[in-house]
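To start, the structure itself, in structure tokens.
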Amino acid sequence: MPLSAQISQHIRAMSAQQPVLIAGPTASGKSALALEIATTQGGVIVNADALQVFDNWRVLSARPSVDDEAAAPHALYGHVAGTSQYSVGHWLRDVLPYLTNGARPIIVGGTGLYFSALTEGLVEIPATPDGIRAQGNMRRAEDGDHRGLLAELDQLDPQTAQRVDRMNPMRVQRAWEVLKATGRGLAAWQDRTPPPALPLSSTYPIVMDADKDWLNDRIAKRFQLMMDQGALAEAEQNLPDWDASLPASKAIGAPELIAYLQNEITLAEAQERATIATRQFAKRQRTWFRARMKDYHKISLG
């Protein structure tokens, strides 16, 4: 079925009052779908992307354009300072008002943990002390990756080690930090999860299921478009206060463009590395969504 026909079919199937969830990998067209629903049925588009919350990466995080934001109400885009810490718990607290203020939420993004926290519940884990986070950052820097932290998790908290995304350095470090800070494994905390703020059964959930080759081609074209739209200038603005340990600094393409600006690599190398990193990220997203979002309505792309 052509994409436009798939979209029309889903829009006809949903109630104009029903909250909508739209998940999918980067560059899959989630924001365009959200805007189509908002402009035809009404609603406020609410961001569920962990990098689009920050105010310092509008271009590189692919936030909606000014024109798109003018076409329909948007929320939780660029509302957090790039120097701030921000977690799934922060997002869940920020999104709660949009579930009860009367306007139908259209929640869209690529951060799977945001969707699972929203529809499955999220346990409140105490904040990680700065000293422990600094230890985790230092361990990863000294090891060159997160394998040392993962090995420690395997030994001390095998239950969490089996659940965590072992290929995701930030998730591994977070699990390690929770164990160090609280003396209790992340899995044990998760097993005490409260009821969800928005049960999946109350929503119209959609997941974009993208063909790898189709998506890889879009990723390459989109990064070039980002460069044309000023991604390098955006990186230059972030260079004076660059801190690789901040969540905002995980924006894909940011470390690569900063490395170019610091004369460590060429611009061509930065673009190639950023494109490869985006493809790898999208692969992890597709794997996660296919495993965790089997009850979502699927839109096939490519």
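The set of residues in region 181-198 that are buried (at least 18 other Cβ atoms within 10 Å of the Cβ), free of Cβ contacts under 8 Å to residues at least 60 places away in the same chain and assigned to a helix (DSSP H, G or I) contains only ALA187.
Every residue, every condition in (1) under 22 Å from HIS79 (Cα atoms); (2) crowded, with 24+ Cβ neighbours inside 10 Å, yes or no:
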site: SER15; (1), (2): no, no
site: GLU36; (1), (2): no, no
site: GLN41; (1), (2): no, no
site: ALA48; (1), (2): yes, yes
site: ARG58; (1), (2): yes, no
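If you take just the helices (runs of 4 or more DSSP H) that sit entirely in region 77-154, which of them hold at least 1 residues that are free of Cβ contacts under 8 Å to residues at least 40 places away in the same chain and assigned by TED's automatic domain parsing to the domain that holds ARG174? Before the answer, list the steps.
On the way: elements: 88-95, 112-120, 130-143.
Correct list: 130-143.
Within region 214-232, being more than 21 Å from THR111 (Cβ to Cβ) and either among the hydrophobic types (A, V, I, L, M, F, W, C) or in the same structural domain as ILE106 (by TED's automatic domain parsing) (or both) holds for TRP214, ALA220, LEU225, MET227, LEU232.
Residue check: is ALA251 closer than 16 Å to LEU51 by Cα, hydrophobic (A, V, I, L, M, F, W, C) and under 18 Å from the mean Cα position of the chain (by Cα)?
Numbers: closer than 16 Å to LEU51 by Cα: yes; hydrophobic (A, V, I, L, M, F, W, C): yes; under 18 Å from the mean Cα position of the chain (by Cα): yes.
Answer is yes for this residue.
Would you point out the residue of region 129-180, among those that are of a type in the set (S, T, N, Q) and crowded, with 20+ Cβ neighbours inside 10 Å, that is nearest to ALA251 (Cα to Cα)? I'd like the intermediate steps shown before the answer.
First pass over region 129-180, keeping only residues of a type in the set (S, T, N, Q): 135, 137, 155, 159-160, 162, 168, 173.
Subset that is crowded, with 20+ Cβ neighbours inside 10 Å: 160, 173.
Working: THR160: 26, GLN173: 17 Å.
So, considering only residues that are of a type in the set (S, T, N, Q) and crowded, with 20+ Cβ neighbours inside 10 Å, the one nearest to ALA251 (Cα to Cα) is GLN173.
Reported count of residues in region 109-127, each being at pLDDT below 90 and either of a type in the set (Gly, Ala, Ser) or touching an Asp or Glu at 6+ places or on another chain (Cβ under 6 Å) (or both), is 1. A single entry from ALA62, ALA5, ALA38 fulfils the requirement of being free of Cβ contacts under 8 Å to residues at least 12 places away in the same chain, more than 30 Å from THR193 (Cβ to Cβ) and of a type outside the set (Ser, Thr, Tyr): ALA5.
Residues being farther than 26 Å from VAL80 by Cα, assigned to a helix (DSSP H, G or I) and touching a Pro at 6+ places or on another chain (Cβ under 9 Å) are entirely absent from region 244-258. If you go through region 226-248 and keep only what is within 21 Å of the chain's Cα centre (by Cα) and surrounded by fewer than 13 Cβ atoms within 10 Å (Cβ to Cβ), you end up with ASP243, ALA244.
The values are calculated or read from the model by the stated rules, or taken from the named source; none is laboratory data. What you see is a predicted model; the values in this text were computed from it and never measured. Note that each Cβ is placed from the backbone with ideal geometry, even for glycine, and that neighbours are counted across all protein chains shown.
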